[in-house]
Amino acid sequence: MCGLRIDKPELRRITMSLLEQSIHNYFGLMQAQDLHTVSSLFHVHEIKKGVFFLKSGKSCDKLSFIQNGLLRIYTLQDGKEVTQWISSPGYFVTDLSSLMFDTPARWNIQALSDCSLYTISKADYKNIGKLVPGWHELEKLFIAKCFTILEDRIHSHLSMSAEERYAYFFERNKELFNQVPLQYIASMLGMTPETFSRIRKKHIS
């Protein structure tokens, strides 16, 4: 068997390229040097399965890019856990309201597996405007994209039936169905475990 060995500096270069591509996708076009400046402010952050990235009520002091692993974003309603989203590799994760406005976090964010992240502190994030010309316009694009994603999720809940929501999510996130407890996905899709199980059996058969 022949394999390619990648040393740590080369592995970091490849990963940072992925990070830079994601910064480009989320924040918009910027000069190569500015892109490098922003990505250099992110640092490796490892967390183990079960560890909290953030707890509700605390101040969110970081923004992270997921290299490997899964994180669940959830809240408590009437004593029950309600999953808002499961973030996977290639996504950014934070409590945006807390990060931007220094309010207490509304969400718990917990690792569902061992995770490797690239993380920028709130202090470094807020300092980007001094380092990158036009950053605040790019930041507006990032926030607009975040709200657009949220609007899309709300629209799917209001306009799709439970079966349509299941099919839409399954087609785009098949791998998650073998990686996380299914009750988390059911909660995220606004279904009881019983409804989710019935629809899943129908799709499998």
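Test Ile185 against the criterion of being β-branched (Val, Ile, Thr) and either surrounded by 13 or more Cβ atoms within 10 Å (Cβ to Cβ) or assigned to a loop (DSSP other than H, G, I, E, B) (or both), and give yes or no.
yes
Any residue at all in the stretch 94-102 that's crowded, with 19+ Cβ neighbours inside 10 Å and in contact (Cβ under 8 Å) with a residue 60 or more places away in the chain?
no
Yes/no per residue for (1) under 24 Å from Gln21 (Cα atoms); (2) of a type outside the set (Asp, Glu); (3) in the same structural domain as Tyr26 (by TED's automatic domain parsing):
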{"position": "Lys49", "(1), (2), (3)": "no, yes, yes"}
{"position": "Ser56", "(1), (2), (3)": "no, yes, yes"}
{"position": "Ser64", "(1), (2), (3)": "yes, yes, yes"}
{"position": "Gln67", "(1), (2), (3)": "yes, yes, yes"}
{"position": "Arg72", "(1), (2), (3)": "yes, yes, yes"}
{"position": "Gly90", "(1), (2), (3)": "yes, yes, yes"}
{"position": "Asp102", "(1), (2), (3)": "no, no, yes"}
{"position": "Gln110", "(1), (2), (3)": "no, yes, yes"}
{"position": "Ile120", "(1), (2), (3)": "yes, yes, yes"}
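Can we say Lys130 is assigned by TED's automatic domain parsing to the domain that holds Phe92 and either of a type in the set (Val, Ile, Thr) or without any contact (Cβ under 8 Å) to a residue 24 or more places away in the chain (or both)?
Yes, satisfied.
Given the residues His24, His36, which is the only one that is assigned to a helix (DSSP H, G or I), of a type outside the set (Val, Ile, Thr) and under 25 Å from Thr148 (Cβ atoms)?
His24
Could you please find all residues in the stretch 140-176 being surrounded by 13 or more Cβ atoms within 10 Å (Cβ to Cβ), of a type outside the set (Gly, Ala, Ser) and at pLDDT 90 or above?
Across the stretch 140-176, the qualifying residues are Met160, Glu163, Arg165, Tyr166, Tyr168, Phe169, Phe170, Asn173, Leu176.
Restricting to the stretch 123-155, give me the number of residues that are within 30 Å of Ser187 (Cα to Cα) and either among the β-branched types (Val, Ile, Thr) or within 19 Å of the chain's Cα centre (by Cα) (or both).
The total comes to 14.
Conditions first: (1) in the same structural domain as Ile66 (by TED's automatic domain parsing); (2) closer than 27 Å to Lys58 by Cβ. Met188 passes all but one, so which condition is the exception?
Every condition holds for Met188 apart from (1).
The values are calculated or read from the model by the stated rules, or taken from the named source; none is laboratory data. No experiment lies behind these values; they were computed from the predicted model shown. Heads up, the Cβs are rebuilt from the backbone with ideal geometry, glycines too, and the neighbour counts pull from every protein chain shown.
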